[in-house]
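See below for the structure under consideration.
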Amino acid sequence: MHKNKYFLYSILFLLFFGATMNAQEKTMYPKNEFRGVWIATVVNIDWPKTNTDNVEKEKADYLGILDTYKKLNFNAVIVQIRSVGDAFYPTELAPWSRFLTGKEGLAPSPNYDTLAWMIEEAHKRGFEFHAWLNPYRATFDLNKKQLSPTHDVFKHPEWMIEYGGKIYYDPALPEVQEHLTKVVKEVVDKYDIDAIHFDDYFYPYTVPGKVFNDKASFKKYGAGLSLGDWRRANVSNFVHTISTTIKASKPWVQFGISPFGVWRNKSADPKGSDTQSTANYDDLYADPVLWMDQKWIDYIMPQLYWSMNNSKASYSKLVKWWSENSKNTAIYIGHASYKIRGDADKSWNFANEIPTQVNFARSFKNVGGSAYFSAKWFTEKNFDVVRLLEENQYKYPALPVAVPNLKRIVIDTPVVTEFVKDSTFYTFSIRVPLNTKVRYMVLYGANHISKININDATQIVDKIAVKEIDNLITFSIPAQKMKQYKACAVTFIDYFANESTPTTVALKKSFKIYSPAQPNENR
């Protein structure tokens, strides 16, 4: 019965796309698309695999995740660096995470800056690095014995509210917001990240029979608002503060949030979605529509963790709703790879559920990509789904496009000063531009200069992290990867994710252009 039902849905889906074939053909292999994966560290969901692994194994496992998703042509990792008032980097504001070292407050041995290393390795492979923080969750349970004496639970018990078997920072307290802002600012200032990322944990999900006891804060700061409006204002004020803090420090660093997948149900608000579900606005006191309207966030990534035709909250209805209600931001879709063959909804038993979802999302012009929770589900299992994605939706690389608030024209174009090829490598040297801070070079290949088309994803050869030495950007590509091409093009990607116009190079023979060094005073 389930098979017949799913077959019927597939036929209806194909008929739908038959009616929009021209639009779908254009997006089968999009050149620009965000493809991200959440790497969860809390309770060792994805990485490290256990909190007793030595540093060498931890590093090997992290690189294994990166290499798996690089092969699948992903281009962003969303790495959890703070989950329960702890840190995966050295800081005076929080103890080292026990999920990294086995004991909270204990540094890695041999000691190294885990976050700096993770960022560097991600960038080497062409990934954006989105630093994922859970701001309000202070503990994962009530076992305080496993906490460091330097944890905020002990340093600032007046900030804490116990609820549903966990401890939370009180979002209403100005000193809590100030402290959490310092946490974010330190990461932005100190590390070469591409984005700060929050997920769906604002006020906690409702636990039946339990009350989130913020009466004292409400009495002190409520200012005549209803409890719901006051809580939403607390969250929105914090989101606004984080946004301005990030941009004041590094304007190119994005601020993205992946809220729960339902804003409001239509039964509560005619502007809401046709769903019957927990809702951001009413239950988590989060208002992502307001954040988008006010341009406080750069991207929204709703967690649409339902099947295409779920009766309570269908993926298809929610993609359409978010597409129609997302303003001023990039919009990406969060997918539930963790549900494959592991959910009461039997639609998840079919390998093509997620590929179908990707195709559906691509049919909406303003939906710019996808992310998957979480990393282990495509590294250790579900290889049939991986194969479908690898051979179809993600057959070719793609580049994340600049988010709306960061779009700009890159006025510099690459000047190739030297090209050398031998049996092992093709090596390019490009003059460092005067006006552009370059994050990556992108290399395209074709069988003739006249055939170069940088809008064609099939021509992307590689995306290379830039290292500037003696006013030059130099990189090498294995000859085995390049010998099929007679010509190539190179472009700059700046720190805001904008791409320059291309410079083409004939690959017939090596060359070197001699020119006087240019002053680079504007940098």
Next on the checklist: How far apart, in nanometres, would the label points at residue 384 and residue 56 be if each is projected 7 angstrom from Cα along the Cα-to-Cβ direction?
Outcome noted: 3.9
Checklist entry - Length gain on complete extension for the stretch residue 504 to residue 451, per 0.36 nm per residue less the alpha carbon to alpha carbon distance? => result 18.0 nm
Next on the checklist: Going by Cα centres, the range 254-286 and the range 50-81 are how many Å apart?
Outcome noted: 32
Item to check | D (Stokes-Einstein, µm²/s), Kirkwood Cα radius, the range 96-199, 1.306 mPa s at 10 °C | outcome: 103
Checklist entry - How large is the Kirkwood hydrodynamic radius of the range 330-401, in angstrom, based on all distinct alpha carbon pairs? => result 12.9
Item to check | For a label point 7 Å along the Cα-to-beta-carbon line of residue 220, residues of the range 122-160 with backbone N under 15 Å | outcome: 156-160
Checklist entry - What are the extents of the Cα atoms of the range 374-523 along their three principal axes, listed from largest to smallest and rounded to whole Å? => result 55, 41, 28
Checklist entry - Quick one: if you take sqrt(5λ) for each eigenvalue of the C-alpha gyration tensor of the chain, what semi-axes come out, biggest first, whole angstrom? => result 39, 29, 22
Checklist outcome for this item: Sorting 33, 324 on solvent-accessible surface, 1.4 Å probe, most exposed first, gives 324, 33
Checklist entry - How many angstrom separate the Cα center of the range 166-198 from the Cα center of the range 326-350? => result 27
Checklist outcome for this item: Taking r as the C-beta separation of residue 113 and residue 178 and R0 as 30 Å, the FRET efficiency to the nearest 0.05 is 0.75
Next on the checklist: For a quick check of your reading of the filter: which chymotrypsin sites (Phe, Trp or Tyr not before Pro) in the range 198-253 sit in a DSSP loop and have no more than 14 other Cβ atoms within 10 Å?
Outcome noted: 205
Checklist entry - If Lys and Arg each add +1 and Asp and Glu each add -1, what is the summed charge of the other residues whose beta carbon sits under 13 Å from the beta carbon of residue 449? => result +3
Checklist entry - What percentage of all Cα-Cα pairs in the range 241-368 are separated by more than 27 Å? => result 21
Next on the checklist: From the protein chains alone at 1.4 Å, what is the descending order of accessible area for 390, 120, 58, largest first?
Outcome noted: 120, 390, 58
Checklist entry - Summing -39500 (n - 2.57) over the DSSP H runs of n ≥ 4 in the chain and dividing by its residue number, what mean residue ellipticity at 222 nm do you reach, to the nearest 500 deg cm²/dmol? => result -8500 deg cm²/dmol
Checklist entry - Where the centre of each part is set by its Cα atoms, how far does the range 390-464 sit from the range 92-135, in angstrom? => result 30
Item to check | Accessible area, probe 1.4 Å, largest first, for residues 388, 147 | outcome: 388, 147
Checklist entry - How big, on average over all directions, is the shadow cast by the Cα convex hull of the range 346-387, in nm²? => result 3.4
Item to check | Inter-label distance, nm, simple model (7 Å from Cα along the C-beta direction), residue 229/residue 274 | outcome: 3.2
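The values are calculated or read from the model by the stated rules, or taken from the named source; none is laboratory data. If you're wondering where the values come from, they're calculated on a predicted model, not measured in any experiment. Positions of Cβ are backbone-derived with ideal geometry, glycine not excepted, and every protein chain shown enters the neighbour counts. We work out accessible area using only protein heavy atoms, side chains counted, and drop any ligands, DNA or RNA first. Shrake-Rupley method; radii C 1.70, N 1.55, O 1.52, S 1.80 Å.
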